[in-house]
1. Taking the options ASN33, ASN70, ASN105, name whichever one is without any contact (Cβ under 8 Å) to a residue 60 or more places away in the chain and either out of contact with any strand residue (DSSP E or B) (no Cβ under 6 Å at 6 or more places or on another chain) or outside the structural domain of ASP18 (by TED's automatic domain parsing) (or both).
2. Could you give every pair whose Cβ atoms fall below 8 Å, whose first residue belongs to region 430-449 and is in the same structural domain as ALA382 (by TED's automatic domain parsing) and within 21 Å of PHE512 (Cβ to Cβ), and whose second residue is of a type in the set (Phe, Trp, Tyr) and part of a helix (DSSP H, G or I), counting only separations of at least 6 or pairs across chains?
3. I'd like the residue in region 613-632 that is out of contact with any helix residue (DSSP H, G or I) (no Cβ under 8 Å at 6 or more places or on another chain) and not in a helix (DSSP H, G or I) and, out of all such residues, is modelled with the highest pLDDT.
4. If I filter region 633-640 for residues that are assigned to a loop (DSSP other than H, G, I, E, B), modelled with pLDDT of 95 or more and either under 41 Å from the mean Cα position of the chain (by Cα) or farther than 29 Å from ASP447 by Cα (or both), do I get at least one hit?
5. Can you name the number of the only condition in (1) touching a residue at least 24 places away in the same chain (Cβ under 8 Å); (2) surrounded by fewer than 20 Cβ atoms within 10 Å (Cβ to Cβ); (3) within 26 Å of THR350 (Cα to Cα) that PRO610 fails?
6. Residues of region 144-193 being assigned to a helix (DSSP H, G or I) and within 21 Å of the chain's Cα centre (by Cα), which ones?
7. Can you name the residue in region 493-514 that is within 21 Å of the chain's Cα centre (by Cα) and buried (at least 24 other Cβ atoms within 10 Å of the Cβ) and is also nearest to VAL182 (Cα to Cα) among such residues?
8. Please go through region 7-40 and give me each residue that is of a type in the set (A, V, I, L, M, F, W, C), in contact with a Cys (Cβ under 7 Å, 6 or more places away or on another chain) and in a helix (DSSP H, G or I), ordered by number.
Amino acid sequence: MSAPVERLLDPERVVLFDGAMGTMLYARGVFINQSYDEINLRSPDIVRGLHREYVRAGADALETNTFGANRVKLAQYGLEAHTAEINSRAASIAREVADREGGGNVLVAGAVGPIGVRLEPYGATSTEEARETFREQMQALADGGVDCFLLETFGDLLEIQQAIVAARDAAPNLPVIAQMTVGVDGRTPFGATPEDIALALDRWGADIIGLNCSVGPQTILESIERMAAVTKRKLSAQPNAGMPRDVGGRQLYMASPEYMATYARHLVQGGAKVVGGCCGTTPEHVKAMCEGLRPIRPRSGVRGRGTGGETGGVAKSPTRATAELSLPPTPDPIPFKDRSRFAAKLAAGTFVTSVEIVPPRGVDASRMLADTRTLKDAGVDAVNVPDGPRAQSRMGALMTSLLIEQQVGIESVTHYACRDRNLLGMLSDLLGASAVGLRNMLLITGDPPKMGPYPDATAVFDIDAIGLTNLVANLNRGLDPGGNSIGTPTQFAIGVGVNPVAIDVAHEVKRFEWKVDAGAEYAITQPVFDPDQLERFLERASGFSSIPMIAGIWPLVSLRNAEFMANEVPGVSVPDAVMQRMRRANEVSKEHALAEGIAIAREMLERVRPFVQGVQVSAPFGKVQLALEVFEGVLEGGSGGGG
């Protein structure tokens, strides 16, 4: 073990890391629309020069210029094929400077940041894929000659856990420093406290644990003090140089070198033995920190000389992290049957009926409310409220559902899409929806804006329908996305969409399986025009799902409507036989075409009824009477069906 590594692992030895790389590259004229990691290949002298400045400022450790050098992030620049080359080259540049300028006393840490996509259960990337992405990067860093790995600026404990596992796979003998990032409230974006962070990273076997980025020294200090109270691991702290301020359109970090030096001492006194800087920290800051720490740390000897007997103990053997994140015990959700009248019918095996209406384009909901009263009086169980279908701008589904339930008294099935909201916005919406009494949800990813009248509108898609299902299932257990208690659990009946006629049926079956695993409790299909396809889909899903299936039914109102559904509505397949029937009817008259469309919808309902537990009939162009015609002979009638 080299002397720098021994000093790093010595629990009492203070080690000073360098400062920002991105800040300094920007100051050297590297534009932010470029890959800063590619600079290792394209302009290595710039990187070499920055490393040299940090060593001369007194840094005991250099971080490689590889924070975003994983395959996923590099793919944004078309550089994923160069992942190994970029990382190994960055390591060799830092190694060269450390050995030449530091005389063998400067450590090289392989910098590894988050992969930049959300992991399961709230994203589409599996933990196995994340581990492999991290492993590839860290293997290349190890090949390039790093002394340790520095996992930094992670906001998700589950993700950093996969990075720790990958580090042990790539280079079992290299120490691992694991650093999370917190906000001004001292919590991660997922709500983990400093104590949560310390206990988790300690349990997963990181050699040194700590915090970096996002906030300035004061918040980091307060959080480090809380971590020190619950762990014996060596702690690290690399704050930003204060919080950024807008100065002439540029984000500048205003903390002075003297201020950072003062807080470097406070951090060491608070329990951190590895200190350094993140965004906004320059060689001038590091030089001041080095001078400020001099009275409270032993000298490392002159650059180029050995450390003799100054180094202390050797760290424990690393403990391999497990592949699963342990969450605290959670209360059981409220039984499905007790969450709503609609859920009670599904739980009892009763055939349910619903009609999909479209929210108004403006603020006048009077016609829609009159239509829903008609549906309630006819005995329909629920009204389905879509959330911006085909990316159209309409009244929001949550507020529309609330109007319907409060003013009409029939239950709604609220479609809730991921398109327009980030994770924080969805969490806020869902808590509010639960508080006002909305219970039946249909969780969908949502149509992209390019389908609608505002194609330049920005889509969010922070998570997809699978991640949203996980989110709502956890809320039903009383937990937020970070596993923190929200108090009283929500009571949502969790529905998901499914497309039995998808182009890639195998992929759709797999996504449906993931939705069921995530917590789906019923499903509603896209409009069915081929019952045989639906039955085959259900047979393929029978091995993993027994949740109630509700079939979508769309009454065609004209030949033009049939052609539109067949050619312009994603996820809908209209067989040739149905199209031929509509063409023949249209040749007689438009009235015949409408009657034929209603007849086809009735046939679909009767054909699917034996193997589904309900139907959702759409009201084309808001004409609820057409939907009720499809239900002829099905509804029990009366005003109590959904009231």
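1. Working: ASN70 fails: without any contact (Cβ under 8 Å) to a residue 60 or more places away in the chain; ASN105 fails: without any contact (Cβ under 8 Å) to a residue 60 or more places away in the chain.
Just one listed residue meets the conditions, ASN33.
2. Once the first residue is in the same structural domain as ALA382 (by TED's automatic domain parsing) and within 21 Å of PHE512 (Cβ to Cβ) and sits in region 430-449, its partners that are of a type in the set (Phe, Trp, Tyr) and part of a helix (DSSP H, G or I) give ASN440/PHE342.
3. GLN616
4. no
5. Here PRO610 clears every test but (1).
6. Once the filter is applied, which keeps residues that are assigned to a helix (DSSP H, G or I) and within 21 Å of the chain's Cα centre (by Cα), region 144-193 yields LEU157, LEU158, GLU159, ILE160, GLN161, GLN162, ALA163, ILE164, VAL165, ALA166.
7. By that ranking, first place goes to ILE494.
8. First, pick out the residues of region 7-40 that are of a type in the set (A, V, I, L, M, F, W, C): 8-9, 14-17, 20-21, 24-25, 27, 30-32, 39.
Applying the additional criterion that residues be in contact with a Cys (Cβ under 7 Å, 6 or more places away or on another chain) yields 8, 16, 20.
Answer for region 7-40, where residues must be of a type in the set (A, V, I, L, M, F, W, C), in contact with a Cys (Cβ under 7 Å, 6 or more places away or on another chain) and in a helix (DSSP H, G or I): just LEU8.
The values are calculated or read from the model by the stated rules, or taken from the named source; none is laboratory data. If you're wondering where the values come from, they're calculated on a predicted model, not measured in any experiment. Reconstructed Cβ throughout: ideal geometry from the backbone, glycine too, with neighbour counts over all protein chains shown.
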